[in-house]
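The values are calculated or read from the model by the stated rules, or taken from the named source; none is laboratory data. For clarity, every value in this text was computed on a predicted model and none was experimentally measured. Every residue, glycine among them, receives a Cβ derived from its backbone with ideal geometry; neighbour counts consider all protein chains shown. We work out accessible area using only protein heavy atoms, side chains counted, and drop any ligands, DNA or RNA first. Shrake-Rupley method; radii C 1.70, N 1.55, O 1.52, S 1.80 Å.
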Amino acid sequence: MATGKINVSVENIFPLIKKFLYSDHEIFLRELVSNGTDATLKLKHLISIGEAKVEYGNPIIEVKVDKEGKKIHIIDQGLGMTADEVEKYINQVAFSGAEEFLDKYKDSAKDSGIIGHFGLGFYSAFMVAEKVEIITKSYKDEPAAHWTCDGSPEFTLEPADKTSRGTEIILHIAEDSLEFLDDSKISGLLNKYNKFMPIPIKFGTRTETLPKPEDAPEDYVNETVEIDNIINNPNPAWTKQPSELSDEDYKNFYRELYPMQFEDPLFHIHLNVDYPFNLTGILYFPKLGSDMQIQKDKIQLYQNQVYVTDNVEGIVPEFLTMLKGVIDSPDIPLNVSRSGLQADGAVKKISNYITRKVADKLKALFNENRADFEAKWNDIKIVLEYGMLSEEKFYEKAGAFVLYPTVDDTYFTLEELKEKLKENQTDKDGKLVVLYAGNKDAQHSYIEAAKDKGYEVLLLDSPIISHLIQKIENDNKDVTFVRVDSDHIDNLIKKEENTISKLSEDEKATLKTSLEAYIPKAYSVQLEAMDSQAAPFIITQPEFMRRMKEMSQTGGGGMFGMGNMPEMYNLVVNTNSDLASSILNTEDKTHQEHLVKQALDLAKLSQNLLKGEALTAFVKRSFEMIK
Ligand code: ADP
């Protein structure tokens, strides 16, 4: 038996390994199963190039828990190691790797965001084991080797009688890590980290009932067999070519990824590139509605089919973190912090590629089946609108597929909308006026008034719409967006001829004074000569102020400090209405006040502004009037 001392600069590295990232001890299993996978894939390669003259067979990796012996075994049928190789790869390479890793990261804060803590490798075994054994037989014609190390720098290396090719790692679990002897704990970890690894992983066995033979007698008792319980899918959909997969395959893979998700995704995007970086993956658009928050952290990041993390911040553009699915890339550096990631050139390229692919796919979907795309619009718009605001590259492509629906469910692209508006929807400066509503119910009377005049009214109800409108106006100097309740419709859109006012200038001044005497200060009175049939009183909220206020409320960091601004309203009074004449001609001041207040309340009611005490008083007063 040979004994030796691992050449260390730190006297005892193992306590350090143990202390390092306490909460991440569980990654030891991923690291050891990954090593077994690598060893198997290396053997496959050696055989394929004629370097190894052995049978590949159907190798698997087995994980076994020995509760009584307090041991975990990880067994592979890969290329194995000779004694010399153990000396070289485990005592020197693996060790210096671990040492370097620790050197680099032991000082960094725990939350430095090193993704998945890759790189610790074999020695991560000592995070949970007090003693580790390696029994390994190389594919080469050399005796097996048995390495043992108890966590001090001393190790033993002796011949072993293992005859089958491959490596068995035996972990003697430390007292403080006995939780890992739980079957459910191990199967949970395998499921989390190794679910899609390329070599089948066996954990225990399960019984399966054999099918009943055709000539079975009446009293046939079903036969059962014990079969290996393979916990992973070695060929997940994203590793295949899109041409090999049907729509149903993509949906099945979605269910495999999210077993608890019962709703099918709306569509998928298959990512597949190998130059200038390597990236595969499948992204899914789930049904989103307008809730932006709940969906994050659903995209899983893999490296060569090994799970790394579900936090893809910095790798996937932020607006796409609302999607689901998988990306797999060996080119994403995993031992850097999040901020390091964002500064990384390769990562920036990956992020741009994903944005471009998503835009291309949306365009294709739009062109292939517009009706279907329109039907899905409400479920995807929040992602797209957010993307237009946050990624210039996406914004540039978005014109080809982003839609603007009307309150009656007609969908326009911006270009189509402009064409349509040219007919009869321009303001006094000749700009195209995009009328929109934020809420069909709340702005019902205004929508009706606009539709009566033959105008198109959009329904734009996303929480971030005011920001988007602002951006679109900046880039399209020929259009202006105004909400239907931002002014009287005839002031928003150019009229052919002005309606003549029934009132003289003197009468108007008197009316204005009477009105201002009874209405609250928050309203500014605006007299307009309109069609006598138009509503006598309407309340409007000027577009600019309302939009700025909305923008400061939905991000934009208290833009212009308008977050706390009071609401500003105009009271538009139709001077040609009978009511205006009545108010003007009523001598009795009490009665006049009554008229003004009742009319104001009715106007408020149609803008959804009459609430609480004011509403109660209004209803009471109205009952009095009809009694
Ligand atoms: P890495 O896998 O990143 O190289 P490790 O510390 O995990 O680092 O392993 C060091 C080396 O030990 C590997 O490169 C490999 O040569 C060898 N090794 C580890 N596990 C196995 C195994 N199961 N079969 C064969 N060789 C192995």
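When only the Cβ of Lys, Arg, Asp and Glu is charged (+1, +1, -1, -1), the dipole of the chain relative to its Cα centre reaches about 1360 debye. Across all Cα pairs in the chain, the calculated P(r) in 10 Å bins from zero up to the longest distance comes to 3, 12, 18, 16, 13, 11, 9, 8, 5, 3, 1, 0 percent per bin. Were the residues from T510 through E396 laid out at 0.36 nm apart, the gain over their Cα-Cα distance would be 35.6 nm. Couplings 3J(HN,Hα) of region 55-63, computed from phi: 7, 6, x, 10, x, 10, 10, 10, 10 Hz, in residue order, whole Hz [Karplus 6.51 cos²θ - 1.76 cosθ + 1.60, θ = phi - 60°; x for Gly and Pro]. Amide H contacts of L266 (H built 1.01 Å from N, in plane; Pro and chain starts excluded): F285, K287 sit under 5 Å, all sequence-distant by 5 or more or on other chains. The local environment of S577, defined by Cβ-Cβ distances under 14 Å, has a net charge of -3 under the rule Lys, Arg +1 and Asp, Glu -1.
Measuring nothing but how far apart in sequence close Cα pairs (under 8 Å, 6+ apart) lie, relative to its length, region 405-497 scores a relative contact order of 36 percent. Using only Cα atoms, tell me the angle between helix 95-105 and the longest principal axis of the chain; keep it within 0 to 90° and round to the nearest 10. Here the helix axis deviates by roughly 30 degrees.
The string of couplings for region 302-315 from the Karplus curve (6.51, -1.76, 1.60, θ = phi - 60°) is 10, 10, 6, 6, 9, 5, 10, 6, 10, 9, 9, 3, x, 9 Hz, one whole number per residue in order, with x for Gly and Pro. Working from label points 7 Å from Cα in the Cα-to-Cβ sense, the A2 to R370 distance is 7.5 nm. Could you compute the FRET efficiency for S501 and E318, with r as their C-beta to C-beta distance and R0 at 41 Å, rounded to 0.05? Efficiency, rounded to the nearest 0.05: 0.15. To the nearest 10 degrees, how steep is helix 505-518 against the longest Cα principal axis of the chain, on a 0 to 90 scale? Roughly 50 degrees between the two axes. Among the protein heavy atoms of the chain, carbon and sulfur supply 49% of the accessible surface, probe 1.4 Å, non-protein parts ignored. Each DSSP beta bridge with both residues in the chain is either parallel or antiparallel, and the antiparallel ones are about 75%. Close amide-amide hydrogen proximity is noted between T309 and L301, each under 5 Å apart and 5 or more residues distant or on a separate chain (H modeled in the peptide plane; Pro and chain starts excluded).
Label 7 Å along Cα→Cβ of N252; region 180-210 residues with amide nitrogen under 20 Å? The answer is 195-201, whose backbone nitrogens lie closer than 20 Å to the label point.
Excluding residues fewer than 8 places away in the same chain, name every one of the aspartates and glutamates whose C-alpha is closer than 20 Å to that of K212. In chain and number order, the partners are E223, E226.
Accessible area per residue for the chain is 49 Å², calculated with a 1.4 Å probe on protein heavy atoms, without ligands, DNA or RNA. Each Cα pair under 8 Å and six or more residues apart adds its sequence gap; the mean of these over the residue count of the chain is a relative contact order of 9 percent. Relative to the longest principal axis of the Cα atoms of the chain, the long axis of helix 183-193 makes an angle of roughly 60 degrees. Checking the Cα-Cα distances for K185/K348; K251/K361; K42/K251 against a 29 Å cut-off, the pairs over it are K185/K348; K42/K251.
Name the residues of region 516-536 whose amide N is less than 18 Å from a point 7 angstrom out from the Cα of F544 along the C-beta direction? Of the residues in region 516-536, 524-526 have backbone N under 18 Å from the label point off F544. The amide H of T426, built 1.01 Å from its N in the peptide plane, has V433, K494 as neighbours under 5 Å, considering only residues 5 or more places off or on other chains. The residues packed around E550, meaning those with a beta-carbon under 15 Å from its beta-carbon, carry a net charge of -1 if Lys and Arg are +1 and Asp and Glu are -1. Taking a sphere under 10 Å around the Cβ of Q526 and counting the other residues whose Cβ falls inside, with K and R at +1 and D and E at -1, yields a net charge of -1.
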